[in-house]
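Reading through the structure tokens given below for one structure.
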Amino acid sequence: MSWIPFKIGQPKKQIVPKTVERDFEREYGKLQQLEEQTRRLQKDMKKSTDADLAMSKSAVKISLDLLSNPLCEQDQDFLNMVTALDTAMKRMDAFNQEKVNQIQKTVIEPLKKFGSVFPSLNMAVKRREQALQDYRRLQAKVEKYEEKEKTGPVLAKLHQAREELRPVRDDFEAKNKQLLDEMPRFYHSRLDYFQPSFEALIRAQVGYYSEMQKIFEDLTQQLDQPGHPDEQREKENEARLSELRALSIVADD
């Protein structure tokens, strides 16, 4: 969004006060940064929702793979456990899809729409810069004739140059004023624009994880066996693993 001003036909007179140029560069610089932040945030939100969907889809696939395991046909308890897991994963995936759809509508799409404004802003800045270069070129032309001897032909050309300068100067000043008025307003509007989106994002996440808590609490209740705390299960697994390691087919050479 930066531009490179032309270096030819520069007038001696300072036609735009340095304070005005500093104000313009400051306000425009803030919008350049805002554009980059908006683009990055939209990209990161898309990555996040894609990752969320991939996670829940993978969880569903794992439970389906377990259901197809021959052990489910041989062990009813294992089948019951995997079936409970599969139901939980499918519920999780459904709520995750709902959350992603909500984020798409309330966050990603508004970010995209907000970002679509910047090309018009960039074009307005380019038009202002072109008007400034025309202004400088014609001001330099006027100064050139003002420095010459005031003969009839020179005075005629000076008059013509001033007439050419007037609408160009007015055009630049109008464009400059409009941008200096509207750029700060646009920048500050981002707060009112994005606040509903980020509130919706928080609500979507809170709603999703509240449902996840319920889903996994239900799953835990289905899988838990009385008198089998995690420490006991860990000891039982270690004991079974020791038995497997003792088999001759896996014994170290």
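For region 163-182, check the following and say yes or no: at least one residue is more than 30 Å from Met45 (Cα to Cα) and of a type in the set (Phe, Trp, Tyr).
So far as region 163-182 goes, yes, one or more of its residues are more than 30 Å from Met45 (Cα to Cα) and of a type in the set (Phe, Trp, Tyr).
Which of the residues belonging to region 201-219 are closer than 20 Å to Asn80 by Cα and open to solvent by 30 Å² or more (accessible area, probe 1.4 Å)?
Lys214, Phe216, Glu217, Asp218
Would region 54-64 turn up any residue that is modelled with pLDDT under 95, among the aliphatic types (A, V, I, L, M), part of a helix (DSSP H, G or I) and touching a Cys at 6+ places or on another chain (Cβ under 8 Å)?
no
Being crowded, with 16+ Cβ neighbours inside 10 Å and over 24 Å from Val20 (Cα atoms) is true for just one of Lys144, Lys113. Which residue is that?
Lys144
Each row is one residue, and each column tells you yes or no for (1) touching a strand residue (DSSP E or B) at 6+ places or on another chain (Cβ under 6 Å); (2) modelled with pLDDT under 95; (3) among the small types (Gly, Ala, Ser); (4) over 30 Å from Leu138 (Cβ atoms).
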| position | (1), (2), (3), (4) |
| --- | --- |
| Lys13 | no, yes, no, no |
| Lys18 | no, yes, no, no |
| Glu35 | no, no, no, yes |
| Asp44 | no, no, no, yes |
| Ser48 | no, no, yes, yes |
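Any residue in region 33-57 that's more than 22 Å from Asp86 (Cα to Cα): show its pairings with residues that are open to solvent by 40 Å² or more (accessible area, probe 1.4 Å) and not in a helix (DSSP H, G or I) at Cβ separation under 7 Å, as long as the two are six or more apart or on different chains.
Glu35/Met1
Inside region 70-122, counting only helices (runs of 4 or more DSSP H) that do not spill past its ends, which hold 3 or more residues that are at pLDDT 95 or above and in contact with a helix residue (DSSP H, G or I) (Cβ under 7 Å, 6 or more places away or on another chain)?
76-103, 109-115
I'd like the full set of residues that are under 22 Å from Pro17 (Cα atoms) and either open to solvent by 20 Å² or more (accessible area, probe 1.4 Å) or charged (D, E, K, R) (or both), limited to region 147-166.
Answer for region 147-166, where residues must be under 22 Å from Pro17 (Cα atoms) and either open to solvent by 20 Å² or more (accessible area, probe 1.4 Å) or charged (D, E, K, R) (or both): Arg162, Glu164, Arg166.
The values are calculated or read from the model by the stated rules, or taken from the named source; none is laboratory data. Being a predicted model, the structure only gives us computed values, none of them experimental. Here the Cβ is made from the backbone with ideal geometry for all residues, glycine too, and neighbour counts use every protein chain on show. Areas reflect the complete protein model, heavy atoms only, side chains present, ligands, DNA and RNA absent. Shrake-Rupley method; radii C 1.70, N 1.55, O 1.52, S 1.80 Å.
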